[in-house]
1. Any chance the stretch 93-112 includes a residue that's at pLDDT below 85 and either aliphatic (A, V, I, L, M) or under 30 Å from Gln148 (Cβ atoms) (or both)?
2. Among the residues of the stretch 220-267, how many are more than 15 Å from the chain's Cα centre (by Cα), farther than 21 Å from Ala152 by Cα and of a type in the set (Gly, Ala, Ser)?
3. Taking Thr132 and the conditions (1) surrounded by 14 or more Cβ atoms within 10 Å (Cβ to Cβ); (2) under 21 Å from Leu217 (Cβ atoms), which numbered condition does it fall short on, given that it satisfies the others?
4. Go through the stretch 187-219 and give me each residue that's closer than 19 Å to Leu154 by Cβ and surrounded by 17 or more Cβ atoms within 10 Å (Cβ to Cβ).
5. Restricting attention to the stretch 88-146, and to residues there that are touching a Phe, Trp or Tyr at 6+ places or on another chain (Cβ under 7 Å) and not hydrophobic (A, V, I, L, M, F, W, C), which single residue is farthest from Leu204 (Cα to Cα)?
6. Restricting the search to the stretch 227-245, which residues are outside any loop (DSSP other than H, G, I, E, B) and either touching a strand residue (DSSP E or B) at 6+ places or on another chain (Cβ under 8 Å) or modelled with pLDDT under 85 (or both)?
7. Of everything in the stretch 57-84 that's among the polar types (S, T, N, Q) and touching a residue at least 12 places away in the same chain (Cβ under 8 Å), which residue is surrounded by the fewest Cβ atoms within 10 Å (Cβ to Cβ)?
Amino acid sequence: MVADRIVRKPSTGLLTPVIQFWKKQAPYIVPPFVAIAIFLIIWQLVSNSGLTKLPGPLSLITDERTRNLLLYPFYDLGGLNKGLFWQTLASLKRVAIGYSFAAVFGIALGILVGLSTTMSRALDPIFQFLRTVPPLAWVPIALAALQQNEPAALFVIFITAIWPILINTAVGVRQIPQDYINVRRVLRLSPKTFFFKILIPSALPYIFTGLRIAIGLAWLAIIAAEIVMSGIVGIGFFIWDAYQNNYVSEIILALFYIGSVGLLLDRSIGWLQNKIVPADRT
C-alpha cells in the first residue's frame, strides 16, 4: 500500500505581499509615528494643564470650524472662501513658477561663475550681499516695483530660492576633477561634449543639493509673502486671516498642511536626485 503524499505549497494569499512590505518598511515607518504620537500627547497634556493658551491637537476635531475644514478641504464658495486644498494648491502654483525660474537662472549663472574666475570675483560680493536679505524684506520692494501681488509673490520666491542653487552649482563646477579637464585637453573635446558629458554629470550632486535646499526656502518664502500680502488665495493668507479672527485651531491645521507639503516637496527632489544621479556620485 502506497501512502498518499501531500505536497504543501507556500501560501500565496493576498496578505503575503503586505506582510513582506511591512517587514521591510516597518523600521522606517514605526519610529517616526511613535515620535509624532509622543509629541502630540505631550502637546495635549501641556495644553490641558493651562501652561499655555495654545489649543491642543484635539482641538482640530472638537472645534466645529476646524473640523469642517478638515473634513471638507475641497469646498469652493468663490473669492477667498475656499477649502485648504485650494489654498495650498494656489501657493504651490506660485512656488512652481518662481522655483522653476530660480532653477534655470541659478544653474546657468552658477555654471558661468564656476567656469570663470573673473566672473566669480566680480559677482560673488553681490551674491553674498543679496542672499542675506530675508524673504520678508523683499516683499515691500517687490510690491513697490511691480505694483501687483501675484508677480511680487513670484519675485519673492525667485529671489529667495536662486542663491542656494547658484552657489552650489558654482561649487560643483569648481570641483570637477583635474583628470577630467586633462582628458578634455588630450581628446580635444568640443565645448558641447565637455558640457554634457563631463561638466553637468560631475556637478549634478551639488546642483541637486542646491535644488533641495531651494525648494524648502521657496515654500517658506511664499508663506511669508502671502501673510504680508492681502487679497490673494493662498495658505499664507489663510493663516493671517485666521489669526485676525482669532481662529487659532485653524492656524494649527494650516501648519500641518504646510509641514506636510514641505516634507513632500523635499522628498520629491530627493527621489528625483536618486533617479538621475548615480549612487557613486551622491
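The values are calculated or read from the model by the stated rules, or taken from the named source; none is laboratory data. Here the structure is a predicted model, which is why all the values come from computation and not from measurement. Heads up, the Cβs are rebuilt from the backbone with ideal geometry, glycines too, and the neighbour counts pull from every protein chain shown.
1. No, every residue in the stretch 93-112 fails to be at pLDDT below 85 and either aliphatic (A, V, I, L, M) or under 30 Å from Gln148 (Cβ atoms) (or both).
2. 3
3. Answer for Thr132: the failing condition is (1).
4. Our first condition is that a residue be closer than 19 Å to Leu154 by Cβ; within the stretch 187-219, this holds for 211, 214-219.
Once the filter is applied, which keeps residues that are closer than 19 Å to Leu154 by Cβ and surrounded by 17 or more Cβ atoms within 10 Å (Cβ to Cβ), the stretch 187-219 yields Leu211, Ala214, Ile215, Leu217, Ala218, Trp219.
5. Among them, the one singled out is Thr88.
6. So in the stretch 227-245, the residues outside any loop (DSSP other than H, G, I, E, B) come out as 227-228, 235-244.
Of everything in the stretch 227-245, those that are outside any loop (DSSP other than H, G, I, E, B) and either touching a strand residue (DSSP E or B) at 6+ places or on another chain (Cβ under 8 Å) or modelled with pLDDT under 85 (or both) turn out to be Ile227, Val228.
7. Within the stretch 57-84, the first condition is being among the polar types (S, T, N, Q), and the residues that meet it are 59, 62, 66, 68, 81.
So of that shortlist, the ones also touching a residue at least 12 places away in the same chain (Cβ under 8 Å) come out as 59, 66.
Values: Ser59: 18, Thr66: 22.
Selected residue: Ser59.
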